[in-house]
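The values are calculated or read from the model by the stated rules, or taken from the named source; none is laboratory data. All values reported here derive from a predicted model rather than from experimental measurement. Reconstructed Cβ throughout: ideal geometry from the backbone, glycine too, with neighbour counts over all protein chains shown. Calculation scope for accessible area: heavy atoms of the full protein, side chains included, ligands and nucleic acids excluded. Shrake-Rupley method; radii C 1.70, N 1.55, O 1.52, S 1.80 Å.
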Amino acid sequence: GYRSYTSLEDLNKAYLDLIAQLRLHQGDGLAAAIYTQTTDCEIEVNGVMTYDRAVIKLSQESIAANRTLYTPAPKVTHVVTASDRSPQTWRYTTTAPAGDWFAPSFDAASWSEGQSGFGAKETRFARVGTEWKTPDIWLRRTVTLASIPDTLRLRIFHDDDVEVYLNGVLA
């Protein structure tokens, strides 16, 4: 989606993160991606280069990262079914919970229960199972893994700030 960056460091960090995400999506079957903001225009400042093309804003490291997209796709193993593949049941509340709500021992039995995804029905590209229109929401879901992978990545579809806790630890 559209984003604007206030520093070259932030732009380069976000670009490298985008390339890393694309690699994971390749492992999940992605065949193509397009970066549409090649130059700044009007009030936008998130291009690869300035409007007059005088300054290339992406570092050599960021540009070189594109090469990884032409190597064989990584193997992606889903250790927990993602909500975009099959609706999952979550406990949720839209009222700020107690400070330890993310602890493994927290009892969320009084919270509402709903099917993922959470959001406004008209949200573009979202599969909404439970309508949510308040400013904040807290979600909990318990999953059991047979083993912990060496590298673990989370797929989150959200257009704002999000914090994720695994076993009570901020991920």
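Can you give the longest stretch of the chain with no exposed loop site, where a site means trypsin sites (Lys or Arg not before Pro) in a DSSP loop (not H, G, I, E or B) with at most 15 other C-beta atoms within 10 Å?
It runs 4-52.
Give, in nm to one decimal, the length gained when the segment between ASP107 and VAL76 is fully stretched (0.36 nm per residue of separation minus the Cα-Cα distance).
Once the chain is fully extended between ASP107 and VAL76, it gains 7.9 nm.
Work out the length of the dipole vector of the chain about its Cα centre, built from +1 on the beta-carbon of each Lys and Arg and -1 on the beta-carbon of each Asp and Glu, and round it to the nearest 20 debye.
Computed about the Cα centre, the dipole is about 660 debye.
Taking LYS13 as the anchor, which lysines have their alpha carbon closer than 22 Å to its alpha carbon, excluding any fewer than eight residues away along the same chain?
Excluding near neighbours in sequence, the set is LYS57.
State the dimensionless ratio Rg/Rh of the chain (Rg: radius of gyration of Cα atoms; Rh: Kirkwood radius).
Checking Rg against Rh, the ratio lands at 1.01.
Below 13 angstrom from the Cβ of PHE106, what's the summed charge of the other residues (Lys, Arg +1; Asp, Glu -1)?
+1
Which Cα, out of SER112, VAL55, GLY99, lies furthest along the positive dipole direction of segment 16-171 (beta carbon charges, K/R +1, D/E -1)?
SER112
On a straight-distance basis, which lysines could pair with LYS121 in a cross-link, Cα separation under 17 angstrom, same-chain partners fewer than 8 positions away excluded?
Answer for LYS121, where 17 Å is the Cα cut-off: LYS133, listed by chain and number.
Using Cα pairs under 8 angstrom and six or more residues apart, how large is the relative contact order of the chain, in percent?
Reported relative contact order: 17 percent.
Using a 1.4 angstrom probe on heavy atoms only, work out the carbon and sulfur share of the accessible area of segment 96-135 in %.
On segment 96-135, the fraction of accessible area on carbon and sulfur atoms equals 52 percent.
Got a number for carbon plus sulfur as a percent of segment 14-74's accessible area, 1.4 Å probe?
59 percent
What residues of segment 102-134 lie in the reach of a label at LEU145, counting those whose backbone N is under 16 Å from a point 7 Å from the Cα along Cα→Cβ?
Within reach of a label on LEU145, which here means backbone N under 16 Å from a point 7 Å along Cα→Cβ, segment 102-134 contributes 104.
How would ILE43, ILE156 line up by accessible area, probe 1.4 Å, largest first?
Descending accessible area places them as ILE43, ILE156.
At 7 Å along Cα-to-Cβ for each site, give me the label-to-label distance between ALA33 and LEU16 in nm.
Once both label points are built, they end up 1.5 nm from each other.
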